[in-house]
Amino acid sequence: MRQRVPFSDVDMHGHVHNGVYCSYAETAVNELLREAGLAARFDPRSDAHGVVYHVKKIELCYEGPAGFDDVLDITAHVRRIGTSSLAFDAVMVHAGDRAPVARVEVVWVCVDKEAGRARPIPAPTREALAALRPAPDDAPDDAPEQAPAEAPEPQRRPESR
């Protein structure tokens, strides 16, 4: 998803306000679900298996500045499917030079509409979400562990905004 930063999202220091990144992440997660044809399963107005999903946790890791009129590319994916919870990751980078901006983890809990308590994610929803997860590593379990390749340090934009 591509997002041009509006002036209303910028704080007094000229950067995107921290809380706005959480909103961008939630929008990216919703777009992921919409594009996969799963939005109705998560719409609280629908009766999708008698459940709703509540945000349990949002964790933001700031990586670099973004400001007014910058264009960001935001990608979301399913990171983990638990018994009653779902974890999504959203990554934000500058559209032009791909400089990192922020990473956000969003955790939702499946809640029974009637009881108001956590319950297992319905099987059809679990299966549909599993199809969205990145492919697992093809290495067999008994393969020797390899040291990770050294990744170059990401280019940071100067903080002078």
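The values are calculated or read from the model by the stated rules, or taken from the named source; none is laboratory data. Quantities reported herein were computed from a predicted structural model and do not represent experimental measurements. For neighbour counting, all protein chains shown are included, and Cβ atoms are generated from backbone atoms with ideal geometry for every residue, glycine included. We work out accessible area using only protein heavy atoms, side chains counted, and drop any ligands, DNA or RNA first. Shrake-Rupley method; radii C 1.70, N 1.55, O 1.52, S 1.80 Å.
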For this session: For Val55, state whether it is among the β-branched types (Val, Ile, Thr), open to solvent by 60 Å² or more (accessible area, probe 1.4 Å) and touching a residue at least 40 places away in the same chain (Cβ under 8 Å).
Result: yes
Problem set entry | Unmet requirement for Arg41, which otherwise passes all of (1) surrounded by fewer than 18 Cβ atoms within 10 Å (Cβ to Cβ); (2) part of a helix (DSSP H, G or I); (3) basic (Lys, Arg) | (1)
Problem set entry | the stretch 65-88 - residue that is part of a loop (DSSP other than H, G, I, E, B) and of a type in the set (Gly, Ala, Ser) and, of those, surrounded by the fewest Cβ atoms within 10 Å (Cβ to Cβ) | Gly82
Exercise. Give me the pairs: first residue in the stretch 114-132 and open to solvent by less than 60 Å² (accessible area, probe 1.4 Å), second residue part of a loop (DSSP other than H, G, I, E, B) and of a type in the set (S, T, N, Q), beta-carbon distance under 6 Å, and six or more apart or on different chains, which are they?
Worked result: none
Exercise. Within the stretch 89-119, which residues are part of a strand (DSSP E or B), among the charged types (D, E, K, R) and closer than 23 Å to Ala131 by Cα?
Worked result: Asp89, Arg103, Glu105
Problem set entry | Hits in the stretch 9-37 (condition: part of a loop (DSSP other than H, G, I, E, B) and surrounded by fewer than 19 Cβ atoms within 10 Å (Cβ to Cβ)) | Asp11, Met12, His13, Gly14, His17, Ala36, Gly37
For this session: Tell me, please, whether a residue that is in a strand (DSSP E or B), among the acidic types (Asp, Glu) and open to solvent by 70 Å² or more (accessible area, probe 1.4 Å) can be found in the stretch 45-52.
Result: no
